[in-house]
């Protein structure tokens, strides 16, 4: 216990302090004389932490945690927040340990609570009536206290940059983003990222702040990739962050790397029109290669029907991963490949009949007979499709509605994607 007290007296964090804060760690040796302490906040913290350990040892068995354990863990973090208000950068480590522990307790309690609700509904065979109030989730209570820790770090005015608590901002950013993701609260994700962006000039970079914490840096990159790619539809920035996360992750494929690759592949397709080598991807991320393999084949041959079947089959997974909109955008690249092949097949010059392109689109989408499938409605849909491709720079040309024709550039009808002055290898 003397080692813990010395951390607060000399202002440093070590393994003894981290273990003391954890509810499931062994009790520290030594006799504690609280009467000798003059810091009331520290006394309250010690008493709360000891009570937290007693609650776990007495009432939490077989992996079941109690609401009282959450309340004590929440109070522990609140007390650390009060202590941190007058401390330097060292306090961010125990703050993060306590916050991460509170998040872990919240997740387990919410999981157990959701399971109990489902069981009660089955047993009683009834449902909630309109007007019934939803009970507040533990994660919602947790994030309020964690956000206080975040604000303490963000708003620290210590003129000594080395001792400023701003170095801890990204730890709590990761915790908050993971909570908002579980709560499906996009608005709070967007607000948090905007706060970080508005304070970029006064914050250390993520690479500086997390240089000794590789896993946290990978997590931050992943959250930013998901935000920009899945929420903001900024696939270039989403790809940049996903690529950083993947390059910084472990060399061998694992669950974390698979999740990163789930973002990286569609973002690379949309931002650069790059598609993966399935043999190489399969050797390291077999599950990802199996998932996206049919998509790559559709991009190579312009098979709309197979892509639509794949999209329908994996709709639930894509929705859970916030990737459904991105994959709908990938459909345009499949269409682009099909248009490119149709134009190459007709090859009569820069002025092409819209009926031939429409026939290819209808046949690829439904396998209908080419002779009977091209109606006026099909021609109108084809015009809309081509107008979208032209507006996005995928096709260089224009449409002649009166003549039902597509006029393409003689020299560069399908321009390659230029990225920062370098031509990218395309999937089309």
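All of the numbers you see were taken from the coordinates with simple rules; none came from a lab. The structure displayed is predicted, hence computed values, not measured ones. All Cβ positions, even for glycine, are placed from backbone atoms using ideal geometry, and neighbour counts span all protein chains on display.
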May I ask you to order 171-177, 274-280 by the average number of other C-beta atoms within 10 Å around their residues, highest value first? 171-177, 274-280
On full extension of the chain, what length is gained from residue 26 through residue 236, given 0.36 nm per residue of separation minus the C-alpha to C-alpha distance? 70.8 nm
Most mobile listed residue (189, 146, 328) in the chain, GNM with C-alpha springs under 10 Å: 328
Could you work out how much longer the chain between residue 400 and residue 183 gets when fully extended? Use 0.36 nm per residue separation minus the Cα distance between them, nm to one decimal. 73.2 nm
Full-extension gain in nm, residue 162 to residue 47, via 0.36 nm per residue minus C-alpha separation: 38.3 nm
In a Gaussian network model over the chain where Cα atoms closer than 10 Å are linked, find which of 20, 267, 113 has the largest mean-square fluctuation. 113
Give the angle, between 0 and 90 degrees and rounded to the nearest 10, that separates the Cα long axis of helix 376-391 from the longest principal axis of the Cα atoms of the chain. 60
Pairwise label distance in nanometres, residue 151 with residue 11, each label 7 Å out on the Cα-Cβ vector: 2.4
Taking Cα pairs closer than 8 Å and at least 6 residues apart, the relative contact order of the chain in percent is 9
Give me 207, 71 sorted ascending by neighbouring Cβ count inside 10 Å, so fewest comes first. 207, 71
Once both axes come from the Cα atoms, what is the angle between helix 92-124 and the longest principal axis of the chain, in degrees from 0 to 90, rounded to 10? 70
Spin-label model distance (nm) - residue 200 vs residue 301, 7 Å beyond Cα toward Cβ: 4.4
What angle do you read, to the nearest 10 degrees and between 0 and 90, between the alpha-carbon axis of helix 255-272 and the longest principal axis of the chain? 40
Along the principal axes of its C-alpha atoms, what lengths does the chain span, in descending order and rounded to whole Å? 95, 60, 42
Grab the DSSP H runs of the chain that are 4 residues or longer, score each as -39,500 (n - 2.57), total them, divide by all residues and round the 222 nm result to the nearest 500 deg cm²/dmol. -20500 deg cm²/dmol
Fewest first, what order do 327, 233, 346 take by the number of other Cβ atoms within 10 Å? 233, 346, 327
For the range 135-275, diffusion coefficient by Stokes-Einstein and Kirkwood Rh (Cα), 10 °C, 1.306 mPa s, µm²/s: 100
Proxy reagent accessibility, fewest Cβ within 10 Å first, across 97, 265: 97, 265
